[in-house]
Structures are given as structure tokens and as C-alpha cells.
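Below is one structure, written out as C-alpha cells; comments come after it.
The values are calculated or read from the model by the stated rules, or taken from the named source; none is laboratory data. Everything numeric here is computed off the predicted structure, so don't read it as measured data. A quick note on method: Cβ atoms are made from the backbone with ideal geometry, for glycine too, and the neighbour counts reach across all protein chains shown. Protein only, heavy atoms only, side chains kept; ligands, DNA and RNA dropped before computing areas. Shrake-Rupley method; radii C 1.70, N 1.55, O 1.52, S 1.80 Å.
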Amino acid sequence: MATKTSVKQITSWSFSRYSTYKTCPLKLKLGAIDRIQEPPNAAMKRGADIHMMAENYIKGKLRLLPKELKLFSDEFKRLKAKYKKGVLTDILVEDSWAFTAKWEQTTWNDWIKCWVRIKLDCAVIIKSGGLEVNDWKTGKFREESNDDYLEQLELYALGAFLMFPDLEEVHPKLKYLDHGITHPPEGVELIYKRSDIPKLKKAWEARVKPMLNDKIFAPKPNGLCKYCFYRKSNAADGGGQCKF
């Protein structure tokens, strides 16, 4: 009699996992469940390096502003000055937030209860009860991806409210370092209120439900397949797990 094998499913998530699942469920399975790790490419390495530059400059470990951050020079100088004052309750740099399925705080390495992980680039108090959350982006800004950007900003806002009970407002922003673009653009404020928490929780629970319930992880052919590590034509380099 054949033994029944357990079906592996996604049990914890991040915005990155959710975004990958929307692009292609199979791609998420191959990386997150099967642990077939995609080797870092040049764009990924550059993004990681620039994030490190931003952190080190704000924290005063770099005296001069790297050229990669020049388009937001005033912003980074302001953040560096804020950090230098030593009031760390007013500024957070490279923080890690983790929550259970009941949206209660837990630790990043809680491999049993942790349900969602949020990696923060930088957050700064802008007024009493208000927090500006900044996410540094490298690469292109795509206007057609506005809905995806909005989802990410919503997750930052929800995480901030859960981390800091005294917050009344969250102003999340994406900063595209290569192009000097802020999203939402300067002059357009996207503000979340504490009263938005139930709505944000409900929205995210609905968004990730298909991913967490998936047992098939069907491939989803799309225009990004030609760049995918797992594409059929990439078998010689360690890929090739997908039929497309």
C-alpha cells in the first residue's frame, strides 16, 4: 500500500513572496518550498549594495554621500542628521517586523508562529503621532505597476501601526534612487489612519489566502519568463525546472 505524502504549502509570507506568487505560483514554489535557490544576479547585487550604502550613510559609517544616492541628497542628509542626534525613537533604519496570523508581534526567527515578515528600510517621526516610512528602490519605476506599489505601501502602514500603538498616521513612500522619483509624488500625500487597521488586515488576509491555500502552484506563463532562472532554456545554468 502506497504511503500518502504530505503536501507542502506556504505557511509564512512577505511582500516579496506575495509578489512572486502573483507573477508565477510555480516560481514561488521552486524557490520557497523546493529550495532551489536562484543565484544572485547583477541587479540583485547592486540593489543590496545600494541599500547597504544608504544604511551606512544614515548611520554615519560613510562620511561622504555615495553617488548612487545623490538624487535624494537632501533627504539622506536630513536622515543622517536625525540619526546623529541619537534619538533612536524618532528614526529607525533597517528594522525587521514580524507578526503572527493574529497580527500579534513576534520575532523574525519564530519559525513556528511567524506568519508575515516586513523588512523596513527607514522610518522617521515627522510630527507628533505621525510616521514617514521610506522604502529605497533601485531599477525602473513602472507606472503600470501602480496597484502593486499601493499594496506594498498598505503593508508598511499596517506594520507600522501594529509596531507602534501610539501612532495616529503613517505616510509611506517609495523612493526610486536611480531616477529621483518619489511615489506617491511630492505634493501628493498618501496617509493612513489608525482607523484603517481593520480594513488593511482584511485586505491582506484576502490577498494572501490563495497563496497560502495553494497545493498545485501551476506555472503562469508571462512576459517575464525569458528572465526567469527556472525557465526551460536555462537548464545548463541550473534552471530548467519549468516547462516554459
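Mind checking which of ARG142, ARG207, ARG46 has the largest fluctuation in a GNM of the chain, springs on alpha carbons under 10 Å? Highest fluctuation among the options: ARG142. Atom-type composition of the exposed protein surface of the chain places 55 percent of the accessible area on carbon and sulfur (1.4 angstrom probe). Please state the shape class of the stretch 55-118: rounded when a/c is under 1.5, otherwise prolate if a/b exceeds b/c and oblate if not, all from the C-alpha gyration tensor. Prolate is the answer for the stretch 55-118, as a/c is 1.5 or above and a/b outweighs b/c. What the Cβ-Cβ distance of LYS202 and MET52 gives, at R0 = 35 Å and to the nearest 0.05, is a FRET efficiency of 0.45. In the chain, excluding the sites themselves, the longest stretch lacking any of the GluC sites (Glu not before Pro) that are in a DSSP loop with at most 16 other Cβ atoms within 10 Å is 1-103.
Considering only protein heavy atoms, what per residue accessible area in square angstrom results for the chain with a 1.4 angstrom probe?
Numbers: 14090 Å² over 244 residues.
The answer is 58 Å² per residue.
Taking a ≥ b ≥ c as the square roots of the eigenvalues of the Cα gyration tensor, an a/c ratio of 1.5 or more together with a/b no larger than b/c marks the stretch 95-182 as oblate.
Projected label points at ALA218 and ARG78, each 7 Å from Cα along the beta carbon direction, are separated by 4.8 nanometres. Placing a pseudo-label 7 Å from each Cα along the Cα-to-Cβ vector at PHE164 and GLU186 gives an inter-label distance of 2.3 nm.
Result for the chain in a Gaussian network model with C-alpha springs under 10 Å: among LYS209, LYS27, LYS173, the largest mean-square fluctuation is at LYS209. Between LYS85, LYS215, LYS137, the Gaussian network model of the chain with springs among Cα atoms under 10 angstrom shows the greatest mean-square fluctuation at LYS85.
Considering only alpha-carbon pairs that sit under 8 angstrom and 6 or more positions apart, the relative contact order computed for the chain is 20 percent. Look at (1) 18.5, 57; (2) 19.6, 69; (3) 19.0, 62: the one that is Rg and Dmax of the Cα atoms in Å derived from this structure is (2). Dividing the summed helix terms, -39500 (n - 2.57) for each DSSP H run of n ≥ 4, by the number of residues in the chain produces a 222 nm estimate of -10000 deg cm²/dmol to the nearest 500.
Of THR11, THR100, THR106, which has the most accessible area and how do the rest follow, probe 1.4 Å?
On the way: THR11 105, THR100 20, THR106 40 Å².
Most to least solvent-accessible, the answer reads THR11, THR106, THR100.
With θ taken as phi - 60° and the Karplus curve 6.51 cos²θ - 1.76 cosθ + 1.60 applied, the whole-hertz 3J(HN,Hα) list for the stretch 182-188 is 10, 10, x, x, 3, x, 10 Hz, x standing for glycine and proline.
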